[in-house]
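Notes follow the structure.
The values are calculated or read from the model by the stated rules, or taken from the named source; none is laboratory data. Values in this document were obtained by computation on a predicted structure and should not be read as measured data. Every residue, glycine among them, receives a Cβ derived from its backbone with ideal geometry; neighbour counts consider all protein chains shown.
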Amino acid sequence: MGSASDDRSDRPSRDPEETAEPDGGDEIGFDEAALYGVVREAVEDAILGVIGTLLLVGVALVVVWAGIGMVTRTGGSAPTVLGGLIIAFGLYLGAVTLGVVPPIRDRF
């Protein structure tokens, strides 16, 4: 069993001389205007990032739709192959936009 002095040593002291602040007790403040500016820019960047992502996914869907239309409406092997390449590009564009695969610039 612990003694009374052991119980007191676990608790912080209330004596101001024993609890010296490591920074000298100076008040640490921050500039609220600067913080507001940083937070506002971060939120603006996040919103623009979401809008950009949605627009790129929309473009990818349109490209895939155009490729599907080209494959199904044309006869012959050349337009079918071109339509398949367009579909592949649209799928790749959507995957890169959503971060599923890395962009080509990261591979080289």
(message) So, in the range 68-89, how many residues would count as being within 22 Å of Gly99 (Cβ to Cβ) and of a type outside the set (Val, Ile, Thr)?
(response) 2
(request) Quick one: count up the residues across the range 71-87 that are in contact with a Gly (Cβ under 8 Å, 6 or more places away or on another chain), exposed (fewer than 14 other Cβ atoms within 10 Å of the Cβ) and of a type in the set (A, V, I, L, M, F, W, C). (result) 1
(request) Enumerate the pairs (first residue in the range 36-64 and touching a residue at least 40 places away in the same chain (Cβ under 8 Å); second residue anywhere and surrounded by 10 or more Cβ atoms within 10 Å (Cβ to Cβ) and polar (S, T, N, Q)) with beta-carbon separation below 8 Å, excluding pairs fewer than 6 apart on the same chain, so at least 6 apart or on different chains. (result) Thr53/Thr97; Leu56/Thr97; Val57/Thr97
(request) Check the range 33-46 and report whether any residue there is touching a Gly at 6+ places or on another chain (Cβ under 7 Å), under 30 Å from Gly90 (Cα atoms) and modelled with pLDDT of 80 or more. (result) no
